[in-house]
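To start, the structure itself, in structure tokens.
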Amino acid sequence: QVQLVESGGGAVQPGGSLRLSCAVSGSSVSESAMSWYRQAPGQKREMIAQIGSSGYTYYEDAVKGRFTISRDIAKNTVHLQMNSLKPEDTAIYYCNAVPSPYVNSYWGQGTQVTVSS
């Protein structure tokens with residue numbers, strides 16, 4: 001059974017930073033495509049960052065240069081470092097895993113990030 005648990009969300013002022021974590025069990029982050037998605041109120045869920053099994057990374061333009069996705073293979077955990085946060089970053093952030101052979105997709109429960117002054 002593949003399970004993902006996000007943590008690290010909270011409330012922060014504009015310009016602040018947060019570090020989200022996604023603890024994975026039942027599959028290896030080194031053999032999965034791992035992604036962070038977010039969904040703001042009234043908006044579609046969108047992918048904002050991805051790290052592949054090879055270590056390649058992808059960032060959506062809105063977060064490029066501010067967010068960094070990384071993985072700790074020993075701890076089987078994926079992180080999202082979020083810097084220079086803006087009010088428009090307010091959303092529920094979800095971790096997603098697509099393990100090899102890349103046929104199934106799994107989601108965490110989400111963690112709330114609120115950016116306001």
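The values are calculated or read from the model by the stated rules, or taken from the named source; none is laboratory data. Since the model is a prediction, treat every value here as computed from it, not as a measurement. Glycine gets a Cβ as well: all are built from the backbone with ideal geometry, and neighbour counts include every protein chain shown. Calculation scope for accessible area: heavy atoms of the full protein, side chains included, ligands and nucleic acids excluded. Shrake-Rupley method; radii C 1.70, N 1.55, O 1.52, S 1.80 Å.
For region 13-31, which positions are part of a strand (DSSP E or B) and either within 14 Å of Ile69 (Cα to Cα) or open to solvent by 30 Å² or more (accessible area, probe 1.4 Å) (or both)? Matches in region 13-31: Leu18, Arg19, Leu20, Ser21, Cys22, Ala23, Ser25. Contact annotation: residue pairs with Cβ atoms under 7 Å, 6 or more positions apart or on different chains, pairing a residue in region 101-117 that is touching a residue at least 40 places away in the same chain (Cβ under 8 Å) with a partner that is open to solvent by 100 Å² or more (accessible area, probe 1.4 Å), are Ser117/Gln13.
In region 78-94 there is at least one residue that is of a type in the set (Phe, Trp, Tyr), touching a Gly at 6+ places or on another chain (Cβ under 8 Å) and under 15 Å from Gln112 (Cα atoms).
Annotation for region 32-48: no member residue is of a type in the set (Asp, Glu), in a helix (DSSP H, G or I) and either in contact with a helix residue (DSSP H, G or I) (Cβ under 6 Å, 6 or more places away or on another chain) or open to solvent by 30 Å² or more (accessible area, probe 1.4 Å) (or both).
Remark: pairs (first residue in region 1-27, over 23 Å from Leu85 (Cβ atoms); second residue hydroxyl-bearing (Ser, Thr, Tyr) and at pLDDT 95 or above; Cβ separation under 7 Å; 6+ apart in sequence or on different chains) = Val2/Ser27; Val2/Tyr106; Gln3/Ser25; Val24/Thr77.
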